[in-house]
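Novice: Here you go, one structure.
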Amino acid sequence: TGPAHSGKTTQLLARYRRGLATELGAALWLAPTQRAAAAVRQRLLADDLRGCLAPGVMTFDQFAAEVLRVGRDPARPISAVQKRR
């Protein structure tokens, strides 16, 4: 944590690049919105990373959809009672 422009994202991007360099699929960056995910992807490639086919930067919704897609059992909607709980 820290104030704006203190280098939080820069440090996280450096750690993320190291994760991407070690093993394919070893890093995942979850962003709250499409716009935030696009900004992270842009900054990720802006510095010393020459290219990355699958950087693993996605929104929470995209991550949830991917988890459901690769799951063994199909997802079932929850009932109205379960939603209220």
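The values are calculated or read from the model by the stated rules, or taken from the named source; none is laboratory data. Remember, it's a predicted structure, so these values are computed and weren't measured experimentally. FYI the Cβ positions are ideal-geometry reconstructions off the backbone, even for glycines, and counts take in every protein chain you see. We work out accessible area using only protein heavy atoms, side chains counted, and drop any ligands, DNA or RNA first. Shrake-Rupley method; radii C 1.70, N 1.55, O 1.52, S 1.80 Å.
Novice: How large, in percent, is the carbon and sulfur part of the accessible surface of the chain at a probe radius of 1.4 Å?
Specialist: Numbers: 3980 of 7200 Å².
In the chain, the share of accessible area belonging to carbon and sulfur is 55 percent.
Novice: Can you give me the accessible area per residue for the chain, using a 1.4 Å probe, in Å²?
Specialist: Numbers: 7200 Å² over 85 residues.
Ligands and nucleic acids excluded, the figure is 85 Å² per residue.
Novice: What nm value, rounded to one decimal, do you get for the distance between Arg18 and Ala65 when each label is placed 7 Å out toward the C-beta?
Specialist: 3.3
Novice: Additional query: Per residue of the chain, what 222 nm ellipticity follows from adding -39500 (n - 2.57) for every DSSP H run with n ≥ 4, rounded to the nearest 500?
Specialist: Numbers: 4 runs with 44 residues, N = 85.
Rounded to the nearest 500, the figure is -15500 deg cm²/dmol.
Novice: Moving to a separate point now. Go through [x] 149; [y] 108; [z] 95 and flag the label whose value is the computed volume of the Cα convex hull per residue in Å³ for this structure.
Specialist: So the calculated entry is the one marked [x].
Novice: Still on this structure: Hand me the trypsin sites (Lys or Arg not before Pro) from the range 2-80 located in a DSSP loop with no more than 11 other Cβ atoms within 10 Å, in residue order please. Write down the numbers at each step before the final one.
Specialist: On the way: sites: Lys8, Arg15, Arg17, Arg18, Arg35, Arg41, Arg43, Arg50, Arg69, Arg72; in loops: Arg50, Arg72.
For trypsin sites (Lys or Arg not before Pro) across the range 2-80 that sit outside H, G, I, E and B with at most 11 neighbouring Cβ atoms in 10 Å, the list reads Arg50, Arg72.
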